[in-house]
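To keep things clear, I will list the structure first and then write my remarks on it.
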């Protein structure tokens, strides 16, 4: 059984309780502001105090953050109050009912994994551009009208097809390069 | 506007990128003859881009989304592409077989990124263009040599570059938050220039954004306190690539700063003026003083590169005076100087790469000792380039410094920042004198040292050709500065709407200057110098 030292566990716990109490304080403050906001003139005044009036639309995000933090902290808090406190080497191990841990997770990884990640990124990001293009192309080819962007750029379906062909051609250059360079071979 | 507008306006960049793709593909060919084609392909691509700039590269009124083609864009395109030719020549034989395709492909990509930076009219395009310049240079440093020093330099450069890119992007996010748009300048749509036109429009967020963006770009130009990587990276990379590092990322950083100050109409809060003032003074002084302590020529030139960024920042602080020419127009003086610096720096590093000592790069003063007795042509070229770096007539570097300092002292005396700019110019002149001490050590080693080291010239005809071009350009631009000064003057016409102004223009006298000198100068096109 691989054992984590008790001192580490204790310090973790101490640190954890500090974080929890800090979070509780923060949540209390948020709640106070929330109540103030609801009771008075709504979010606009509260956000206006913070800085620009342009922060107003972010009020909803603040509520979501508040809910998220209070749920997380609440779960931890309830568990802390309800659970039995038993200590011991087994309890402090990383996986109490699992395999004993072997070594540190912070070790060197083979550089090939990074290469795979890079190759994945290339073809993953490509899709981000393909989706909006597909929608625009669908619209242009169905109606026969050129697509006009807010910037004043207009393109018919033929132009769109040509533009995507150029884009894919550039990607294919990269693909051909990595293939010939042997980046796709594991050994 | 249609796809044809894109094709014509972006034709120089398209030529470069297509050339880069072909270079990449030839790099993985199984045929050794095809693999060695990368350098000629890159050279042809740059020539094609120059032809495209000459034919289609005119400033136009219609804006493509995210792009704007002004007189500044054209100027940057010309100087970038003209410097790219000797750059490719110097690097011609550098990469080993099997890496030539990547090397020249990346070099072309970096050049294309620089011309796109000059055309960017959107924060996102600006960021992407700057990264397109920087990312290939990290790899070029690693490809330039096979030893571990180059890898170390490359990794250092990459991590610090990534950090600076993050700071830059963070600053841009503040600018976006303050203005609600990423568009820099536009006649119709909401844009940053309208939001920041006055100091009042510059909110706290806008100021923070500008500060962070300037910090991120300080890394690219190698300004203090983000200069620490410069000597290590310059020393680690092979000399031909080092010549490239002194031009491409530096110019990209300066162009981006010009773009950001243009959207403020050159009226920034006092805090930013004093920040840039302090950075300029420190950059000059720290660069020159630390260069004094070096015996390695590459490190010496690296610190000199830091110091030169300081000189160029003076021009930036003075700001544009439309139509006045580089004697009064700080930006025109800076644009003149940056091209001259690119060439003379490349020339000095080309000399180092043309010599080798037992297969190693020529790096120390001792390696250069008595060069004039061994290879007089190389020694003369080195002396011309170093005199130009020092700012000694009859070279273009002298004129560059004269332009920068005279633009600083010619600011309207009614201006609040008249005096600080004069003080800065004085600091610059003192620094030029300090710099002469270490530049003269290079000259004296070349001319007077005893010829004991056993170097054999290498690098062949291509390096010599580039070196000849750089040194001749230094002399030619001294005799006929209007060749470069006139384009530099016209390049600043697109930078403000209200004519003459300095970074301090809003304080006093800015308005008066705008109505009299600026507009009149812009219309009549003042004297060339």
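A straight line joining the Cα centroids of the stretch B:135-169 and the stretch B:364-419 runs 29 Å. With a/c under 1.5 counting as rounded, go ahead and sort the stretch B:243-364 into rounded, prolate or oblate using the C-alpha gyration tensor (a ≥ b ≥ c being the square roots of the eigenvalues; past the cut-off, prolate if a/b is larger than b/c, else oblate). Since a/c reaches 1.5 and a/b is larger than b/c, the shape of the stretch B:243-364 is classed as prolate. What the Cα atoms of the stretch B:344-497 give is an Rg and a Dmax of 18.7, 61 Å.
Cα centroid separation, the stretch A:97-134 to the stretch B:208-223: 32 Å.
Nearest 10 degrees is fine. How inclined is helix B:270-292 to the longest principal axis of chain B, computing both from alpha carbons? Between the helix axis and the principal axis of chain B, the angle is about 20 degrees.
Please work out the C-alpha center-to-center distance from the stretch B:1-45 to the stretch B:280-311 and express it in whole Å. Using only Cα atoms to place each centre, the spacing works out to 36 Å. Footprinting exposure proxy ranking of B:297, A:166, fewest other C-beta atoms within 10 angstrom first, gives A:166, B:297. Against chain B, whose longest principal axis is taken from its Cα atoms, helix B:123-144 shows a tilt of about 10°. Relative contact order of the stretch B:255-373: 19 percent, from C-alpha pairs under 8 Å at least 6 residues apart in sequence. Calculated from the alpha-carbon coordinates, chain B shows an Rg and a Dmax of 21.9, 69 Å respectively.
Under 16 Å from a point 7 Å along the Cα-to-Cβ line of residue A:116: which residues of the stretch A:146-187 have their amide N that close? What the label zone holds, given the 16 Å backbone N cut-off, is A:183-187.
Going by neighbour counts of Cβ atoms within 10 Å, the residues A:139, B:156, A:91 line up, fewest first, as A:91, A:139, B:156.
Using the beta-carbon distance between residue A:102 and residue A:187 and R0 = 35 Å, what value does 1/(1 + (r/R0)^6) give for FRET efficiency, to the nearest 0.05?
Numbers: r = 26 Å, r/R0 = 0.74.
For R0 = 35 Å, the calculated efficiency reads 0.85.
Given just the C-alpha atoms of the stretch B:40-110, how large is their convex hull per residue in cubic angstrom?
Values: hull volume 6.2 nm³, N = 71.
Output value, Cα hull per residue: 88 Å³.
Dimensions of the stretch B:182-298 along the principal axes, based on C-alpha atoms and rounded to the nearest Å, stand at 54, 27, 17, largest first. In plain terms, the residue of B:92, B:78, B:274 with the fewest other Cβ atoms within 10 Å comes first and the most crowded comes last, giving B:274, B:78, B:92.
Taking a ≥ b ≥ c as the square roots of the Cα gyration tensor eigenvalues, with a/c under 1.5 meaning rounded and otherwise prolate when a/b beats b/c, else oblate, which class fits the stretch B:31-162?
Values: a/c = 2.78, a/b = 1.44, b/c = 1.93.
In terms of gyration-tensor shape, oblate.
Using only Cα atoms and rounding to the nearest 10 degrees, what angle (0 to 90) does helix B:38-56 make with the longest principal axis of chain B? Once rounded, one gets 30 degrees. Per residue, the convex hull spanned by the Cα atoms of the stretch A:111-181 amounts to 94 cubic angstrom.
No lab work stands behind these numbers, since they all come straight from the coordinates. Nothing here was measured: the structure is a model prediction, and the numbers come from that model. Glycine gets a Cβ as well: all are built from the backbone with ideal geometry, and neighbour counts include every protein chain shown.
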